[in-house]
Amino acid sequence: MLRTSLIVSTYNRPCALALCLESVRRQKQLPDEVIVGDDGSRDDTRILIESFQKDFPVPLLHIWQEDKGFRLAQCRNKCIAMNILFRSMGILF
């Protein structure tokens, strides 16, 4: 069975992230999970994600890394690695 994951990158733009997540929520065909790759945003982004997690129609994961300058590619790679790790662990059980 093919599973899909949507990776959304963010950095200190909770309003834009809220619009994006709301758009995903309204899709007729949803991914199996949404992973937000956060390149070191402030707490307001974390709080926003936590509020969406309460009733989001698919698992909504938040992968955060410390802000050490623009490291978007590294942040996305962490999301991909976490996704592969979770899938691999699922195969083991």
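The values are calculated or read from the model by the stated rules, or taken from the named source; none is laboratory data. Here the structure is a predicted model, which is why all the values come from computation and not from measurement. Note: ideal-geometry Cβ built from the backbone for every residue, glycine included; neighbour counts use all protein chains shown. The accessibility values were calculated without ligands, DNA or RNA, using every heavy atom of the protein model including side chains. Shrake-Rupley method; radii C 1.70, N 1.55, O 1.52, S 1.80 Å.
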List the pairs whose first member sits in region 1-15 and is at positive phi, whose second member is surrounded by 18 or more Cβ atoms within 10 Å (Cβ to Cβ), and whose Cβ atoms are under 7 Å apart, counting only residues at least 6 apart or on separate chains? N12/S41; N12/T45
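Residue by residue, here is whether (1) open to solvent by less than 50 Å² (accessible area, probe 1.4 Å); (2) modelled with pLDDT of 90 or more; (3) part of a strand (DSSP E or B) holds:
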position	(1), (2), (3)
R3	no, no, no
S9	yes, no, yes
K28	no, yes, no
G40	yes, no, no
R46	no, yes, no
I49	yes, yes, no
P57	no, yes, no
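When you check K68 against the structure, is it at pLDDT below 90 and surrounded by 16 or more Cβ atoms within 10 Å (Cβ to Cβ), yes or no?
Considered against the rule, which asks whether it is at pLDDT below 90 and surrounded by 16 or more Cβ atoms within 10 Å (Cβ to Cβ), K68 comes out as no.
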Among the candidates Q53, Q74, residue that is modelled with pLDDT of 95 or more and open to solvent by 60 Å² or more (accessible area, probe 1.4 Å): Q53
